[in-house]
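Report on the structure given below.
The values are calculated or read from the model by the stated rules, or taken from the named source; none is laboratory data. On a predicted model such as this, the values are computed, not experimentally measured, just so you know. Cβ placement follows ideal geometry from the backbone for every residue including glycine, while neighbour counts extend to all protein chains displayed. For the accessible areas, the whole protein counts, side chains as well, though only heavy atoms, and no ligand, DNA or RNA atoms are used. Shrake-Rupley method; radii C 1.70, N 1.55, O 1.52, S 1.80 Å.
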Protein chains: 2
Amino acid sequence: MLGAIETGGTKFVCAIGDEKGNIAERIQIPTTEPGETLAKVIAFFQQHRLDALGIGSFGPVDVNRDSQTYGYITSTPKTAWRNYPLIQTLKEAFPVPIGFNTDVNAAALGEITHGAARGLDSCLYITVGTGIGAGAVLQGKLLQGLSHPEMGHILVRRHPDDHYQGKCPFHHDCLEGLAAGPSIEERWGDKVINLADRREVWDLEGYYLAQALMQYILILSPKRIILGGGVMNQKQVFTSIYTYLEDFLNDYVSLPKISDYIVSPGLGNDAGITGSLILAYQAWEEANQ
Amino acid sequence: MLGAIETGGTKFVCAIGDEKGNIAERIQIPTTEPGETLAKVIAFFQQHRLDALGIGSFGPVDVNRDSQTYGYITSTPKTAWRNYPLIQTLKEAFPVPIGFNTDVNAAALGEITHGAARGLDSCLYITVGTGIGAGAVLQGKLLQGLSHPEMGHILVRRHPDDHYQGKCPFHHDCLEGLAAGPSIEERWGDKVINLADRREVWDLEGYYLAQALMQYILILSPKRIILGGGVMNQKQVFTSIYTYLEDFLNDYVSLPKISDYIVSPGLGNDAGITGSLILAYQAWEEANQ
């Protein structure tokens, strides 16, 4: 039996399932303070005989296995969770192999294994919601270097008509600062859901996301790009992205048909939890080689 | 005996050597039209008994082994070389295993094996010269997805005081359009060599390159960054890059000491040809498994 946890800023999704992405049981636990949240997580999994556990976590996290703080949530703005030893806490409760990565890397793994990038050896998964993050599989492996990517914070060129100051506490008007959900709502003064019919909102959103995709394509050359997260439920953003991206790239690189290349998640909201099951399976395989 | 070719817009460097990067003999052949240039390349290698050949080529090139045009130089602005079957021509002359990649991927491979990134499993190699290009090794493998990266063409934010229009025929004021050698010379009206003492020239250059490095770091998280090419012989650019990059990143990601992290090539001008020898060796190994 495999256990999976997708940790998020508002909730922890916990699931029991298999590496094929079948989910037998799942619960959601609100993200409050670490002791309380983890007690509920542990109580859920103690009802099952776990062979391995996989975690896709909000970040930043320490994914360097050689590091003394491997498995910690590190410099998150959520102060109660800062420098929290997530893996260590779970390892004490469950002495099984534990796979660990970012939530977006887990989602990329889920999508390439069972979702919209199935059959390929590379994909990029981007979530546009309360923040912007991305994970990638390249040549069959989750992207990791010095640390995990932080693709949401790249710089974009400001639209000449956009005078919103940006919301990122580190970089003000980086991509996340201009295009994540809270920025959209602050700029336009209303909830995303109430902005659905405002064409200029989604045109501008596409302008920024297309710039980001241009950078990702030129730097990573992924074989498919998957855009998830709450903001991407506004499907008109895709049209705006396609138009701006073709304009920006100006035929410099040859891409597949753009609506087949830049797509919605095949697994809907389950990309992250499915990927976490696969992380669990990979950890089990590695321990039983 | 391994053969290596580093193809460039002005010259082909051909070498005989081994996988340790030892070069026994080398020549330079001017890049004129393909028939003439390749005849000289083939004549050079016919003096040796080749076991394998490695090529690091200017691009864009087709690096997809499943493609019908694998090994072609594709949409280069050098019209005589457009859609030129480089590997096929060499394969007819030398029926040996041939390794093939971009010049900058070859340089990244050279630097990680024998140069400034030795001992690491990832690095990014950037050349700033007549164009801007980059190659990367990630988790021990050369970066490749849909195609090879085209990192020189990413978008940067224009400096408010910079009114130069940019020189890229595709994107005008992308990174290459604003920061490659010909752009510097056109903007300031003099040869790079004569601009060495103009502090504002290298400050602005660092401003653009630091933006590019920020994007590369957030997206790829390389373990070391190596900056080569003619423009980078102006060592004062490094100081400008360090200053701007720390300002832009604003401590969002934790990096090694910046002067150890962003460095000059360990192999000087031989990164590309050394990497091409390693490409030859890898092709030989693959054929003799």
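Observations on the structure shown:
- Residue match in region A:54-66 (condition: of a type outside the set (D, E, K, R) and within 27 Å of residue A:235 (Cβ to Cβ)): yes
- The set of residues in region A:1-12 that are open to solvent by 10 Å² or more (accessible area, probe 1.4 Å) and either part of a strand (DSSP E or B) or in contact with a Leu (Cβ under 7 Å, 6 or more places away or on another chain) (or both) comprises A:1, A:2, A:6, A:11.
- Test result for residue A:255, touching a residue at least 24 places away in the same chain (Cβ under 8 Å) and within 21 Å of residue A:143 (Cα to Cα): no
- Wholly enclosed strands (runs of 3 or more DSSP E) of region B:49-160 bearing at least 1 residues within 14 Å of chain A (Cβ to nearest Cβ), hydroxyl-bearing (Ser, Thr, Tyr) and more than 22 Å from residue B:278 (Cα to Cα): none
- Members of region B:95-114 found to be open to solvent by 40 Å² or more (accessible area, probe 1.4 Å) and out of contact with any strand residue (DSSP E or B) (no Cβ under 6 Å at 6 or more places or on another chain), listed by number: B:95, B:113, B:114
- Taking the criterion of being in a helix (DSSP H, G or I) and over 12 Å from residue B:229 (Cβ atoms), the residues of region B:254-272 that qualify are B:258, B:259, B:260, B:261, B:270.
- Number of residues in region B:54-63 that are surrounded by 24 or more Cβ atoms within 10 Å (Cβ to Cβ) and among the charged types (D, E, K, R) equals 0.
- Residue within region A:97-113 that is in the same structural domain as residue A:72 (by TED's automatic domain parsing) and over 20 Å from the mean Cα position of the chain (by Cα) present: yes
- Number of the exception - residue A:58 against (1) modelled with pLDDT of 95 or more; (2) touching a Ser or Thr at 6+ places or on another chain (Cβ under 9 Å); (3) aromatic (Phe, Trp, Tyr): (1)
- Here residue A:182 passes the criteria (1) crowded, with 22+ Cβ neighbours inside 10 Å; (2) away from every other protein chain (no Cβ under 13 Å) except the one numbered (1).
- Any hit, region A:147-155, residues being under 30 Å from residue B:260 (Cβ atoms), touching a residue at least 40 places away in the same chain (Cβ under 8 Å), loosely packed, with under 15 Cβ neighbours inside 10 Å and not small (Gly, Ala, Ser): no
Results for (1) open to solvent by 60 Å² or more (accessible area, probe 1.4 Å); (2) under 20 Å from the mean Cα position of the chain (by Cα); (3) in contact (Cβ under 8 Å) with a residue 24 or more places away in the chain, shown as yes or no for each residue.
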position: B:65; (1), (2), (3): yes, no, no
position: B:71; (1), (2), (3): no, yes, yes
position: B:74; (1), (2), (3): no, yes, no
position: B:81; (1), (2), (3): no, yes, yes
position: B:87; (1), (2), (3): no, yes, yes
position: B:93; (1), (2), (3): no, no, yes
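- Residue B:274 being polar (S, T, N, Q) and closer than 30 Å to residue B:27 by Cα: yes
- Counting only residues that are open to solvent by 50 Å² or more (accessible area, probe 1.4 Å) and either within 17 Å of residue B:128 (Cα to Cα) or outside the structural domain of residue B:131 (by TED's automatic domain parsing) (or both), region B:195-214 holds 1 of them.
The rows are residues; the columns are (1) within 14 Å of chain A (Cβ to nearest Cβ); (2) touching a strand residue (DSSP E or B) at 6+ places or on another chain (Cβ under 6 Å).
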| residue | (1), (2) |
| --- | --- |
| B:168 | yes, yes |
| B:171 | yes, no |
| B:192 | no, no |
| B:196 | no, no |
| B:201 | no, no |
| B:239 | no, no |
| B:253 | yes, no |
| B:268 | no, no |
| B:272 | no, yes |
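- Boolean, residue A:117 is touching a Cys at 6+ places or on another chain (Cβ under 6 Å) and open to solvent by less than 30 Å² (accessible area, probe 1.4 Å): yes
- In this structure, residue A:38 does not qualify as in contact with a strand residue (DSSP E or B) (Cβ under 6 Å, 6 or more places away or on another chain) and either open to solvent by less than 40 Å² (accessible area, probe 1.4 Å) or touching a residue at least 24 places away in the same chain (Cβ under 8 Å) (or both).
- Among the residues here, residue A:220 does not qualify as open to solvent by 50 Å² or more (accessible area, probe 1.4 Å), within 10 Å of chain B (Cβ to nearest Cβ), touching a residue at least 24 places away in the same chain (Cβ under 8 Å) and closer than 16 Å to residue B:147 by Cβ.
- Residue match in region B:30-44 (condition: touching a helix residue (DSSP H, G or I) at 6+ places or on another chain (Cβ under 8 Å) and of a type in the set (Phe, Trp, Tyr)): no
- No other residue among A:284, A:188 is out of contact with any His (no Cβ under 7 Å at 6 or more places or on another chain) and either within 14 Å of chain B (Cβ to nearest Cβ) or free of Cβ contacts under 8 Å to residues at least 60 places away in the same chain (or both) apart from A:188.
- Checked against (1) more than 13 Å from chain B (Cβ to nearest Cβ); (2) of a type outside the set (Gly, Ala, Ser); (3) assigned to a helix (DSSP H, G or I), residue A:208 passes all but a single condition, namely (1).
- Checking B:190, B:173 one by one, the residue that is surrounded by 15 or more Cβ atoms within 10 Å (Cβ to Cβ) and not hydroxyl-bearing (Ser, Thr, Tyr) is B:173 and no other.
- Boolean, residue A:125 is within 29 Å of residue A:45 (Cβ to Cβ) and assigned by TED's automatic domain parsing to the domain that holds residue A:279: no
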